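Have a look at the structure below before the remarks.
The values are calculated or read from the model by the stated rules, or taken from the named source; none is laboratory data. If you're wondering where the values come from, they're calculated on a predicted model, not measured in any experiment. Here the Cβ positions follow ideal geometry from the backbone for every residue, glycine too, while neighbour counts run over all protein chains shown. Just the protein is used for accessible areas: all its heavy atoms, side chains included, with ligands, DNA and RNA removed. Shrake-Rupley method; radii C 1.70, N 1.55, O 1.52, S 1.80 Å.
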Amino acid sequence: MENFVVSARKYRPATFESVIGQQHITNTLKNAIKNNQLAQAFLFCGPRGVGKTTCARILAKTINCMNIQENTEACNTCDSCVSFNKGGSLNIHELDAASNNSVEDIRSLVDQVRYPPQLGKYKIYIIDEVHMLSNSAFNAFLKTLEEPPPYAIFILATTEKHKIIPTILSRCQIFDFNRIMVEDMTSHLANIAVKENITTETEGLYIIAQKADGALRDALSMFDQIASFSGNNITYKSVIDNLNILDYDYYFKITDALLAENMAATLLLFDEILSNGFDGNNFINGLGGHFRDLLVCKDERTIKLMQVTERIAKNYSIQSGNASTSFLITALTIANQCDLNYKQSKNQRLLVELALLKMCHIHAAIKIKSDNGNSEEKKNPDQQSVKTITKVLPVETIEIESVPKLSEIKSEYSDPEILNKEKDNSSQVSEPSFKSTVKENRKTSSTPSLKSVFEDKEISKVEKIKSTGEVNLPEAIFSSQTLLQLWKTYAEKMLLEKRMSLHSSLTHSEPKLEGETQIVVVVANSIQRDAIDENRQDLLGFIRQELNNYLITLDIQLSKDDESIKIPYTNNDKFTYLAAKYPELNDIKVKYDLEIEW
């Protein structure tokens, strides 16, 4: 019985021309041989199964060939080529650095370098997985790698270039190998199938090439496995069954159900997928890849990024026409978030089902958002004109005597006739027109201070309209007692949230109601003032919502009463307070040169 040889070994490239998908590497090496410009050290980097060791062996064989062909390939007839093909060449040494990574192993190699070749021009040392060498071994190798004998050439191969020390990298010519493209891999598998009398379907070979993820050796291993499984008849069905890959049709069906917002069909399809033995994480990743391919189909310039057969590409093109870009981007985001949380989830099936339900309601959410946007425009048709008025109103040009009351500003800009007039004009109101309106109201209005109208955004009604986009705001009447109770409730809320600084500041200050809507709070020091001021918007929002009055403003004032009790907060204040009672503390501080911690 003849021994079986796996395809990865049987069809291993023996010449530069037969190397798949690395033309930029092979052309450079052939030119270096032709021009006699060979470096003393090469470093081949790249993922597994892309031809690093294969190219190293072809290079070693070619440079020792005694009769190099015109196309810079080995002749395969001279003594050097024959001995290489039989595996008996004494000029080519291969070392596995994964198991020979000590200093002694490198010293033994360096000792061998001193002896010239018996046959041919060069002695070639191929060191695979060179990143596995220890730092001591790297250091022992440095001198020989930099200045080897003229007949010695080193070819290093690695999948993890970042683990190699810079002093080694600087002594080598570095070649980066690419992942092999799906089309190149599929064509190569088809050629091997012809030589092995194996019938194939193109879609099945495409799935093998995609599953290999750029590694030709992995693709050939899967090819042999499926050929044995299917009896030398590789079909799309046999490939997905043997490799446990979810069929394209499931992704198309799921997407159709999502677009139709059919939750029942979506959940039933997912249950069927799980019943067939597929993992939920692989499913959600595959669904994300499906959405990505649908997005790629949206533009003719990006269709080339898809790596599928023509029949599958047509199905993608049809479905992408039915799915909007916003739906695909949102669904892709949901799928990606589900993938990130999958391993940490205690109920992984529920996590995926929740993601699918969210995708079912994407169109509804987009429609609701669109309707809300339109309703806001209909509700506030004059919002842009109000914003224009506030924009051309510089504070420094307003005289204090000409400022009207808040009620007058409110009544004026709540008048539908004025708002309609602004809408019809659809142009910015000049500054003089606003000034004239203010001057007409001067005779019938008492004059509040400039600070009470323009210092804070919440004080000016026009600024309120600018920030909220609403004209008719609630103005419920409330009492000082109600305000005080609400103030305490907010302070207790801060205590539960463990915001102790704000809780203390609110507790030691009592709000007072001035007029109908202005709240004045007097604090003892700047720390309390800053704590409340930093949370002004949240505090005001809470009070306005609870009291149903959006004209409420807040004025925080620092106490100027010298007789008021000053509460020491900082370490410096505490020391000053104690030193006033106990003067000996100052003497101790000076005597021992002490400092107050901040």
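Some observations on this one:
- Of all residues in segment 156-205, those satisfying the criterion of being under 29 Å from the mean Cα position of the chain (by Cα) and of a type outside the set (Asp, Glu) are Thr158, Thr159, Lys161, His162, Lys163, Ile164, Phe177, Asn178, Arg179, Ile180, Met181, Val182.
- Among residues of segment 191-216, those that are under 16 Å from Ser7 (Cα atoms) and of a type in the set (Gly, Ala, Ser), counted: 4
- Against the conditions (1) modelled with pLDDT under 85; (2) assigned to a helix (DSSP H, G or I), Tyr316 satisfies every one except (1).
- Whether a residue is surrounded by fewer than 15 Cβ atoms within 10 Å (Cβ to Cβ) and not hydrophobic (A, V, I, L, M, F, W, C) was assessed, and Lys30 does not pass this test.
- Contact map, segment 7-20: residues that are more than 9 Å from Leu220 (Cα to Cα) paired with residues that are of a type in the set (Asp, Glu) and crowded, with 19+ Cβ neighbours inside 10 Å, Cβ distance under 7 Å, separation 6+ or inter-chain. Pairs shown: Thr15/Glu73; Phe16/Glu73; Glu17/Glu73.
- Considering Ile543, Ile519, Ile527, the condition of being touching a Phe, Trp or Tyr at 6+ places or on another chain (Cβ under 8 Å), under 28 Å from Asp573 (Cβ atoms) and not charged (D, E, K, R) is satisfied by Ile527 alone.
- Leu189 being surrounded by 13 or more Cβ atoms within 10 Å (Cβ to Cβ), touching a helix residue (DSSP H, G or I) at 6+ places or on another chain (Cβ under 7 Å) and farther than 30 Å from Ala39 by Cα: yes
- Any hit, segment 506-513, residues being more than 17 Å from Phe542 (Cβ to Cβ) and modelled with pLDDT of 85 or more: yes
- Contacts under 6 angstrom Cβ, first residue in segment 511-524 being of a type in the set (Ser, Thr, Tyr), partner open to solvent by less than 10 Å² (accessible area, probe 1.4 Å), 6 or more apart: Thr517/Ile552
- All helices (runs of 4 or more DSSP H) inside segment 476-579 with 1 or more residues being among the polar types (S, T, N, Q) and in contact with a helix residue (DSSP H, G or I) (Cβ under 9 Å, 6 or more places away or on another chain): 480-496, 500-507, 526-534
- All of (1) free of Cβ contacts under 8 Å to residues at least 12 places away in the same chain; (2) in contact with a helix residue (DSSP H, G or I) (Cβ under 6 Å, 6 or more places away or on another chain) hold for Tyr251 with one exception: (1).
- Residue-level analysis places Ile303 among those that are under 19 Å from Val182 (Cα atoms), open to solvent by 70 Å² or more (accessible area, probe 1.4 Å) and among the hydrophobic types (A, V, I, L, M, F, W, C).
- Unmet requirement for Val194, which otherwise passes all of (1) exposed (fewer than 14 other Cβ atoms within 10 Å of the Cβ); (2) not in a helix (DSSP H, G or I); (3) not aromatic (Phe, Trp, Tyr): (2)
- The condition of being more than 45 Å from the chain's Cα centre (by Cα) and at negative phi holds for only one of Glu94, Glu104, that being Glu104.
- Just one of the listed residues (Phe44, Phe4) is open to solvent by less than 20 Å² (accessible area, probe 1.4 Å) and either among the hydrophobic types (A, V, I, L, M, F, W, C) or in contact with a strand residue (DSSP E or B) (Cβ under 6 Å, 6 or more places away or on another chain) (or both), and it is Phe44.
- Considering segment 244-281, the residues that are under 10 Å from Cys360 (Cβ atoms) and of a type in the set (S, T, N, Q) include one that is least open to solvent (accessible area, probe 1.4 Å), namely Thr266.
- Check on Ala209, in a helix (DSSP H, G or I), of a type in the set (Gly, Ala, Ser) and surrounded by fewer than 16 Cβ atoms within 10 Å (Cβ to Cβ): no
- Selection within segment 92-128 - of a type in the set (Ser, Thr, Tyr) and closer than 11 Å to Phe154 by Cα: Tyr122, Tyr125
- Residue, nearest to Tyr236 (Cα to Cα), within segment 197-206, restricted to residues that are open to solvent by less than 80 Å² (accessible area, probe 1.4 Å) and in a helix (DSSP H, G or I): Gly204
- Out of Arg529, Arg544, sole residue that is crowded, with 16+ Cβ neighbours inside 10 Å, more than 19 Å from Thr482 (Cα to Cα) and of a type in the set (Lys, Arg): Arg529
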